[in-house]
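The structure under discussion appears below in the form of structure tokens.
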Amino acid sequence: MDFSQLKKEIIEYSKTIGIDKIGFTTASTFDELRNRLIRQQELQYQSGFEEKDIEKRVNPALLMDSPRSIIAIALAYPSKMNERVTSKKGERRGIFSRASWGEDYHLILRDRLKKLEAYIIERVPEAKCKSMVDTGELVDRAVAERAGIGWSGKNCSIITPEFGSYVYLGEMITTIPFEPDQPIEDQCGTCNKCLEACPTGALVQGGQINAQKCIAFLTQTKGFIEEQYREKIGNRVYGCDSCQTACPENKGKNFHFHEEMEPDPEIVKPLLKPMLQISNREFKEKFGPLAGSWRGKKPIQRNAIIALAHFKDETAVDELIEVMNKDSRAVIRGTAAWALGKIGGETAKAVLENARETESDEEVLVEIERGLAFFK
């Protein structure tokens, strides 16, 4: 078979199914990446969400018998809302990061990869394919970089010349020996705007991130967030875009190619106070389709409480008191106690002093004391 011609046909077909960019690379091991991942592990910079076996992350041969190529795909997502809602006094809003706008991108990319795989198998029935998006073993960014989708920016995102870093990535390992594409030369140069913009200093240096300090990671955790990071989180209820919005390569980049990615402003920029008492069913119905809902409502509610404290929203005091006194989850009670202290006022002080006498959970008691410390 003429694999060069097949590659051309796959590229043309990919455009018809909503793939914005496609690249090809070998299935050889990612040796340089292995060293970086080992170093990240040694420094304890990993998030813990990754595949734990580093060899599986760098060696496609451990994921499929006789792999010959990897096909990388990218889909551009919007950076701005066509319709906007504003946050105002008494009606403060949180924000989901752009990568969580619209339908869960895992589903969107899996759909495109499934169609691409079916096309390939139709042409080469004996071919084997294995696709993955984000949660797979391989490192999406490393595959995309080697396949010429874009270069790996100092913000640890793949930056494409066409769409900036506002792209979702996926890949497919295959037994077909496609000619590899050339990687794109790094174009960040001396620019350090992403490092300077990172609210927590999680970008240690260009191309290296301490995930444990990254707001995108912190908003997905389920426990208490360290107090030093709470003000940095601001009104983010999921994810963070600071290193992307600061990037000059993203200036003016805003693509609305895919209807499934269009954000509903009331969902991706939600009112904060209603989120405090939202039921599991309501949460699933409203936020379930978002990628940002994958950890459930608890982290989102905790982040909403931190956001209300960030705004010092006095109109939320009654709701926060209700949460602190009645919620069964220590993380939510404790964060509400801290938020009441941050917002301030005699009512908040009085209920915190009372809670100090009635609360039995040690972690919550620590947060109550932190809340009361604002009054000293």
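Every read-out reported here was derived from the displayed coordinates using simple, explicitly stated rules and does not represent laboratory data. Being a predicted model, the structure only gives us computed values, none of them experimental. Counting neighbours? That spans all protein chains shown, and the Cβs are built from the backbone with ideal geometry, glycine included.
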Legend entry - the chain - share of DSSP beta bridges that are antiparallel (%, nearest 5): 95 percent
Inset, instruction - Would you kindly give the portion of the calculated P(r) for region 228-368 that falls above 26 Å, as a percent of all Cα pairs? - result: 31 percent
Inset, instruction - With label points built 7 Å along Cα→Cβ from the Cα atoms of Met1 and Lys15, find their separation and express it in nm. - result: 2.2 nm
Inset, instruction - Taking H placed 1.01 Å from N in the peptide plane, check which residues at least 5 places from Lys128 or on another chain put their amide H under 5 Å from its amide H. - result: Thr175, Ile176
Inset, instruction - Could you check which residue among Leu340, Leu62, Leu113 shows the biggest mean-square fluctuation in a GNM of the chain with a 10 Å Cα cutoff? - result: Leu62
Inset, instruction - Can you tell me how much longer the chain between Leu107 and Asp318 gets when fully stretched, taken as 0.36 nm per residue apart minus their C-alpha distance, in nm with one decimal? - result: 72.0 nm
Inset, instruction - Identify all lysines with a Cα-Cα distance to Lys115 below 23 Å; exclude those on the same chain that are fewer than 8 residues away in sequence. - result: Lys7, Lys8, Lys15, Lys21, Lys128, Lys130
Inset, instruction - Report ³J(HN,Hα) in whole Hz for each residue of region 80-94, in order, from the Karplus equation J = 6.51 cos²θ - 1.76 cosθ + 1.60 where θ = phi - 60°; Gly and Pro get x. - result: 9, 8, 5, 10, 10, 10, 10, 8, 9, 4, x, 9, 6, 10, x
Inset, instruction - Starting from the Cα of Lys312, draw a straight line to each of the aspartates and glutamates and keep only those under 15 Å, dropping any in the same chain fewer than 8 residues away. - result: Glu91, Glu231, Glu346
Inset, instruction - Please work out the FRET efficiency for the pair Val124 and Glu196, using the Cβ-Cβ distance as r and a Förster radius of 45 Å; give the result to the nearest 0.05. - result: 0.40
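Based on other C-beta atoms within 10 Å, arrange Glu362, Glu353, Glu103, Glu249 from fewest to most. Write down the numbers at each step before the final one.
On the way: Glu362 9, Glu353 13, Glu103 16, Glu249 24.
Going from sparsest to densest Cβ surroundings: Glu362, Glu353, Glu103, Glu249.
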Inset, instruction - Rounded to the nearest 0.05, what FRET efficiency do Arg84 and Glu285 give with R0 = 35 Å and r taken as the Cβ-Cβ distance? Could you check? - result: 0.90
Legend entry - Extension reserve of the Arg329-Asp186 stretch, reckoned as 0.36 nm per residue once the Cα distance is removed: 46.8 nm
Inset, instruction - Quick one: order Trp151, Trp101, Trp294 by neighbouring beta-carbon count within 10 Å, fewest to most. - result: Trp294, Trp151, Trp101
Legend entry - Segment Gln277-Glu363, extension gain: residue separation times 0.36 nm, minus the distance between their alpha carbons: 28.8 nm
Inset, instruction - Please give every one of the lysines within straight-line cross-link reach of Lys193, meaning a C-alpha to C-alpha distance under 19 Å, and leave out same-chain neighbours fewer than 8 residues apart. - result: Lys154, Lys213, Lys232, Lys251, Lys253
Legend entry - D_trans [Stokes-Einstein, Kirkwood Rh over alpha-carbon pairs] for the chain, 20 °C, 1.002 mPa s, µm² s⁻¹: 96 µm²/s
Legend entry - Rule-of-thumb Rg ratio for region 320-376 [Cα; 2.2 N^0.38 Å; N residues]: 0.93
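Let me know the charge dipole size of region 237-317 about its Cα centre in debye, to the nearest 20, where only the beta-carbon of Lys, Arg (+1) and Asp, Glu (-1) is charged. Don't skip to the end; give the middle numbers.
Details: 12 positive and 11 negative charges, 86 e Å.
Its charge dipole is roughly 420 debye.
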Legend entry - Residue-by-residue Karplus 3J(HN,Hα) for region 60-69, coefficients 6.51, -1.76, 1.60, Hz, glycine and proline x: x, 5, 7, 10, 7, 6, 6, x, 10, 8
Legend entry - Sorted by Cβ neighbour density within 10 Å, fewest at the top, the residues Met1, Met261: Met1, Met261
Legend entry - Cα centroid separation - region 258-279 against region 199-228, whole Å: 23 Å
